[in-house]
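To start, the structure itself, in structure tokens.
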Amino acid sequence: MRLLWTATLSLFLLMMGLEVSSARVLITSIQGKILEADEKGGFAGTCVAIEGDYSELRVVGSEAGKAPRICIDRTRENVNAIEFRNVAFVATEASEEIRTVSFEHDFLSGPQGLVYSSVKLKGFFATATGVGVSTGNQIWFTGMFEQAGHDEIIGEELVQEVGESLDSALLSGETQDQFVLSGPRSLKGSLKFTLLKEGDKLILESGTAVVIDHIERRR
């Protein structure tokens, strides 16, 4: 999947007349459809608007009046982060297909030296009616850090399957790793999940993110 994503991203950038090495816009792929950060508006260059219909999947806002987006987090000084905001995925058809979402952004500056990098998954699965448990649905979330052309998985893949209990539908996971940063770096994420029945939902809270942070913040 990583090779396929890299090849697709490179082809897209070349078609747009851009050099792959200088591509610093936030780019997202949902079910194979590539989107990039808005260049106009109040969130110009920092968010990808992802509302819409994709293959057997609809993306809507998890809160009324708030558009679903994937954004660069610039709310804390010297932090590199990409996070989901107000995102709900809804199955438009019953299917055992694994849905896929990927994202990537290059950061030219940020924390230097020894830092933590973490992947955080927060949210829940729900049925179309909100009654009962969406048993059998699964999720896999992986974050990657790249420096000098080398990819490293951050910690380990976060994996969860919904069982028979309500608690099993709640998502609250985190994994982390340490790296030594000395220059430009990239953050990447790969989200995969199933929504077995029509109307099943995956809601991601804004804490769902891939983050590079100062080690001092963890002490």
Whole-number accessible area per residue in Å² for the range 22-213, which is evaluated in the context of all protein chains at 1.4 Å:
44
Determine the dipole magnitude for the range 22-213: charges of +1 sit on the beta-carbon of Lys and Arg, -1 on that of Asp and Glu, nothing else is charged, the reference point is the Cα centre, and the result goes in debye to the nearest 20.
520
For I139, I98, give me the order by solvent-accessible area with a 1.4 Å probe, most accessible first, ignoring ligands, DNA and RNA.
I98, I139
Taking Lys and Arg as +1 and Asp and Glu as -1, residues besides S95 with C-beta under 11 Å from its C-beta add up to -4
Once you treat every alpha carbon in the range 22-213 as an equal point and sum by Debye, what is log10 I(q)/I(0) at q = 0.09, 0.12 Å⁻¹?
-0.32, -0.57
Just to make sure I understand: if all protein chains stay in place, what is the order of L196, L121, L35 by accessible area at 1.4 Å, largest first?
L196, L35, L121
Please report the net charge: other residues with Cβ closer than 15 Å to the Cβ of A148, K and R +1, D and E -1.
-2
Percent carbon-and-sulfur accessible area, the range 22-213, ignoring ligands, DNA and RNA, probe 1.4 Å:
47
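The values are calculated or read from the model by the stated rules, or taken from the named source; none is laboratory data. Because the structure is a prediction, the values reported are computed rather than measured. We place every Cβ from the backbone using ideal geometry, glycine too, and count neighbours over all the protein chains shown. With ligands, DNA and RNA removed, areas are computed over all heavy atoms of the protein, side chains included. Shrake-Rupley method; radii C 1.70, N 1.55, O 1.52, S 1.80 Å.
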